[in-house]
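Single-structure report; data block below.
The values are calculated or read from the model by the stated rules, or taken from the named source; none is laboratory data. Because the structure is predicted, anything quoted here is derived from the model rather than measured. Note: ideal-geometry Cβ built from the backbone for every residue, glycine included; neighbour counts use all protein chains shown.
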């Protein structure tokens, strides 16, 4: 009986020591090492890829925002955002797509309506946007509804409106778009893109200088 109790105590002691060691390694040392490496080598990304304007954090370059006035460049639509699920307790809208097929009548109607709105919003004196000029990303949401980027083509058809509403020349705004256009990742992955938040922050800074 005593040997059995002693054996049990030894096993419990060994298990407790293993628990403490693993807790120290995986719960303390490993997170500290990974956090230290991330902060040292990828400080900006590790802290959420924050974008600042006038000394304040205005968002993340990884998450798209809605609600810009027509003085600014518009992002992709977020038609599916929050439609599938909603945390009513914390009021957190979850990301998601519409989950509608390409030939769904509701989606087709929404796309046509969005295209007409893009044409209307971006046609100004001396410059008319044709429906055929409107790219797909201007009228459809991404899979998450939180895409922070638009295509250079969508940015270009907004240039004249943005220039007119901010008292800038078309050349100035075009230059701003070119400066904020990112090439394909590693030269071959994805497509050229423009981060809307970064572009609008640069636009705001340019307007402040004028």
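For residue 111, the stated conditions do not hold, so it cannot be described as modelled with pLDDT of 90 or more, assigned by TED's automatic domain parsing to the domain that holds residue 137 and either within 30 Å of residue 208 (Cα to Cα) or part of a loop (DSSP other than H, G, I, E, B) (or both). Quick check on the stretch 159-182. Is at least one of its residues part of a loop (DSSP other than H, G, I, E, B), at pLDDT below 95 and on the phi > 0 side of the Ramachandran plot? No, every residue in the stretch 159-182 fails to be part of a loop (DSSP other than H, G, I, E, B), at pLDDT below 95 and on the phi > 0 side of the Ramachandran plot. For the stretch 167-176, state whether one or more residues are in the same structural domain as residue 76 (by TED's automatic domain parsing), touching a residue at least 24 places away in the same chain (Cβ under 8 Å), surrounded by 14 or more Cβ atoms within 10 Å (Cβ to Cβ) and within 25 Å of residue 63 (Cα to Cα). Yes; the residues of the stretch 167-176 include at least one that is in the same structural domain as residue 76 (by TED's automatic domain parsing), touching a residue at least 24 places away in the same chain (Cβ under 8 Å), surrounded by 14 or more Cβ atoms within 10 Å (Cβ to Cβ) and within 25 Å of residue 63 (Cα to Cα). Among the candidates 30, 68, single out the residue that is under 30 Å from residue 145 (Cα atoms) and either assigned to a helix (DSSP H, G or I) or in contact (Cβ under 8 Å) with a residue 40 or more places away in the chain (or both). Step by step, each of 30, 68 is checked, and only 68 is under 30 Å from residue 145 (Cα atoms) and either assigned to a helix (DSSP H, G or I) or in contact (Cβ under 8 Å) with a residue 40 or more places away in the chain (or both). Across the stretch 122-150, the qualifying residues are those that are in a helix (DSSP H, G or I) and touching a helix residue (DSSP H, G or I) at 6+ places or on another chain (Cβ under 7 Å), and the one among them that is surrounded by the most Cβ atoms within 10 Å (Cβ to Cβ) is 138. If you check 119, 201 for being in contact (Cβ under 8 Å) with a residue 60 or more places away in the chain and either surrounded by 15 or more Cβ atoms within 10 Å (Cβ to Cβ) or not in a helix (DSSP H, G or I) (or both), only one passes: 201.
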